[in-house]
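The values are calculated or read from the model by the stated rules, or taken from the named source; none is laboratory data. Nothing here was measured: the structure is a model prediction, and the numbers come from that model. Here the Cβ positions follow ideal geometry from the backbone for every residue, glycine too, while neighbour counts run over all protein chains shown. The area values use the complete protein model at the heavy-atom level, side chains included, leaving out ligands, DNA and RNA. Shrake-Rupley method; radii C 1.70, N 1.55, O 1.52, S 1.80 Å.
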Amino acid sequence: HSVFFDTAIKAPESWYLALLGFAEHFRTSSPPKIRLCVHCLQAVFQFKPPQRVEARTHLQLGSVLYHHTKNSELARSHLEKAIPQFEDVKFEAASLLSELYCQQNLVDSAKPLLRKAIQISQQTPYWHCRLLFQLAQLHTLEKDLVSACDLLGVGAEYARVVGSEYTRYCNLALLLMERKLGEVHPLLTLCGTIVENWQGNPIQKESLRVFFLVLQVTHYLDAGQVKSVKPCLKQLQQCIQTISTLHDDEILPSNPADLFHWLPKEHMCVLVYLVTVMHSMQAGYLEKAQKYTDKALMQLEKLKMLDSSPILSTFQVILLEHIIMCRLVTGHKATALQEISQVCQLCQQSPRLFTNHAAQLHTLLGLYCISVNCMDNAEAQFTAALRLTTHQELWAFIVTNLASVYIREGNRHQELYSLLERINPDHNFPVSSHCLRAAAFYIRGLLSFFQGRYNEAKRFLRETLKMSNAEDLNRLTACSLVLLGHIFYVLGNHRESNNMVVPAMQLASKIPDMSVQLWSSALLKDLNKALGNTIDAHEAAQMHQNFSQQLLQDHIAACSLPEHNLISWTDGPPPGQFQAQNGPTTSLASLL
């Protein structure tokens with residue numbers, strides 16, 4: 001230490017570089033030694049450094065504390081000290097500090113900070129573009145799409161003036177996000193052609209291709225068009241493989257405005273995994289969804305060791321939301337409940353994350369409640385979710401599931417008809433999602449079945465089948481087939497019933513969907529008995545027994561978890577602690 005101190009006095013630049021070198025070594029160690037990194041940076045202040053060095057050290061400390069610790073107040077203090085300083089420091093400090101404010105739900109503090117930085121950064125193209133982009137994203141999160149579009153338009157024009165085609169395309173791509181579904185597809189296709197013909201930096205070109213393809217894929221998925229999206233999704237997966245082989249330092253852009261990145265390459269890989277999981281879940285390829293979720297979560301774990309960027313937590317929450325729905329379908333309720341608890345914990349760490357995902361959390365709890373036959377709790381969870389969402393597709397999804405709860409309860413006619421009027425698939429359906437409209441037909445068919453109006457039920461279910469077959473919506477296809485099979489069985493048409501139930505069972509096994517398998521095996525047992533197929537009836541009875549046992553064991557395991565108490569949470573932030581349950585709350589008879 002004394003040798004280092006003597007050297008530092010003789011050569012101030014050497015001591016500074018040495019401390020920086022140590023700090024970076026500790027930051028990038030595996031695992032990172034953040035406490036030692038912070039000590040090294042704090043030691044810089046002991047030498048009374050020049051103002052520029054002091055300002056940059058405050059920025060570095062703020063960045064390390066923000067990205068690698070939970071000490072947001074100390075990070076905020078250092079970043080605020082860096083802002084009034086030199087130009088090369090203040091813009092980066094303003095960008096980081098606004099992110100921190102947003103994470104703490106202090107959006108009203110972030111906006112003026114960004115506006116001021118934008119005003120004085122016009123001679124610094126990279127930071128001017130990045131800060132405009134950041135403020136536009138903030139307005140988008142607040143659903144202020146007019147302000148967001150205005151800022152993106154300014155960003156696109158500024159990028160054109162300073163000669164950055166890449167950054168201009170990034171801003172134009174975000175502008176497309178705010179368009180209606182019907183307008184977006186042709187525009188994205190046109191933009192994709194422009195990008196293909198653009199003779200720019202290879203990494204930037206591939207980055208833009210990923211951007212436009214992600215937008216295309218997510219718009220198709222929002223529209224519930226699972227089959228139509230396949231060519232775009234395949235292109236996206238090939239594109240991310242290409243970009244993974246390119247090195248960032250191979251060709252550095254000469255224009256400072258081109259240094260802007262819409263997303264780091266490592267984050268893009270996780271994003272492509274994420275949209276693949278979304279597609280697999282909607283299409284009913286649940287084993288594939290599990291495979292890509294595992295890959296994405298492993299990648300996220302590695303990234304979060306060196307980077308606690310808020311977007312990584314957002315990716316993690318969205319991945320968990322999708323795999324939870326898969327678990328509920330595949331008959332793994334206990335695992336789903338533990339993952340719901342994991343989402344709660346992630347949301348507890350970030351007020352902003354909770355604000356953005358509270359409605360989804362209550363929706364997942366509502367779906368879990370249906371799976372364990374706690375219908376009153378399911379209703380309370382869906383009602384809480386409806387109160388918290390302004391997203392039209394999510395609203396329609398919640399209403400569809402709440403209608404299924406009322407149908408199963410059988411005594412909520414007024415509330416049920418009120419809901420069904422709002423999601424009438426025959427006219428004025430509130431969203432453009434193909435999948436949700438097909439589900440609305442299914443709900444109508446289910447109600448007609450319970451009311452004994454079988455011809456009407458068949459009409460609705462055939463409509464569901466037509467729509468689900470058109471876009472490979474396998475779960476809806478399986479559910480519609482088994483319900484049609486049940487209707488034909490009740491009507492005494494055993495041959496036709498068998499023609500529906502057998503493919504339903506095959507599809508349900510492929511997904512795999514435990515509830516449809518249980519339902520189909522029960523029908524196959526009765527059908528084969530009626531048709532005199534004794535051996536087949538015995539096999540179906542054995543299958544039904546196996547599915548019943550698996551579901552019952554999982555049901556008992558889930559209801560015995562302390563996290564099961566989450567079904568009673570309907571207001572405020574998620575609870576941190578859970579009391580153990582005495583045992584399952586429903587009987588096997590009510591479950592089956």
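Structure above, values below:
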{"read-out": "Fully extended contour minus Cα-Cα distance, from Ser568 to Glu87, at 0.36 nm per residue", "value": "167.9 nm"}
{"read-out": "Relative contact order, percent, the stretch 289-419 [alpha-carbon distance under 8 Å, six or more residues apart]", "value": "16 percent"}
{"read-out": "Average accessible surface area per residue within the stretch 455-588, 1.4 Å rolling probe, Å²", "value": "47 Å²"}
{"read-out": "Dipole moment magnitude, nearest 20 debye, the stretch 225-374 about Cα centre, only Lys, Arg, Asp, Glu C-beta charged", "value": "620 debye"}
{"read-out": "Rounded accessible area of Thr355 (nearest 10 Å², 1.4 Å probe)", "value": "90 Å²"}
{"read-out": "Within straight-line cross-link reach of Lys90, lysines at Cα separation under 17 Å, skipping those fewer than 8 residues along the same chain", "value": "Lys81, Lys111, Lys116"}
{"read-out": "Unit charges on C-beta of K, R, D, E only; dipole of the chain, Debye", "value": "320 debye"}
{"read-out": "Estimated vicinal HN-Hα couplings, Hz - the stretch 486-496 in sequence order (Karplus 6.51, -1.76, 1.60; Gly, Pro = x)", "value": "5, 4, 5, 5, 4, 7, x, 8, 5, 4, 5"}
{"read-out": "Accessible surface of Arg462 - all protein chains present, 1.4 Å probe, nearest 10 Å²", "value": "130 Å²"}
{"read-out": "Accessible area of the stretch 329-379 belonging to carbon and sulfur atoms, whole % at 1.4 Å probe", "value": "44 percent"}
{"read-out": "Between the stretch 529-568 and the stretch 260-304, the Cα center-to-center distance that results, in Å", "value": "32 Å"}
{"read-out": "Aspartates and glutamates with Cα under 14 Å of Lys302, excluding same-chain neighbours fewer than 8 positions away", "value": "Glu266, Asp294"}
{"read-out": "Exposure rank, largest accessible area first [Lys116, Lys333; 1.4 Å]", "value": "Lys116, Lys333"}
{"read-out": "Nitroxide proxy distance, nm - points 7 Å out along Cα→Cβ at Asp150 and Asp294", "value": "5.0 nm"}
{"read-out": "Integer Hz, Karplus 6.51/-1.76/1.60 couplings in order for the stretch 344-361, x for Gly and Pro", "value": "4, 5, 4, 5, 5, 7, 9, x, 5, 4, 5, 4, 7, 10, 4, 4, 5, 4"}
{"read-out": "Lysines with Cα under 17 Å of Lys458, excluding same-chain neighbours fewer than 8 positions away", "value": "Lys466"}
{"read-out": "The chain: relative contact order in percent, alpha carbon pairs under 8 Å with at least 6 residues between", "value": "9 percent"}
{"read-out": "³J(HN,Hα) computed for each position of the stretch 498-508 - Karplus, 6.51 cos²θ - 1.76 cosθ + 1.60, integer Hz, glycine/proline x", "value": "4, 5, 8, 6, 4, x, 4, 5, 4, 5, 4"}
{"read-out": "Theoretical FRET efficiency, 1/(1+(r/R0)^6), r = Cβ-Cβ of Gln345 and Ser418, R0 60 Å, to 0.05", "value": "0.95"}
{"read-out": "Point-to-point label distance, Arg115-Arg160, nm (Cα→Cβ direction, 7 Å offset)", "value": "2.6 nm"}
{"read-out": "Surface per residue (accessible, 1.4 Å probe) for the stretch 274-343, Å²", "value": "35 Å²"}
{"read-out": "Nonlocal amide H pairs with Ile120, under 5 Å, H built at 1.01 Å", "value": "none"}
{"read-out": "Inter-centroid distance (Cα atoms) of the stretch 40-105 relative to the stretch 356-407, Å", "value": "42 Å"}
{"read-out": "21 Å Cα-Cα threshold exceeded, pairs from Lys291/Lys510; Lys230/Lys510; Lys143/Lys230", "value": "Lys143/Lys230"}
{"read-out": "Accessible area of Thr534 in the full protein assembly, 1.4 Å probe (Å², nearest 10)", "value": "110 Å²"}
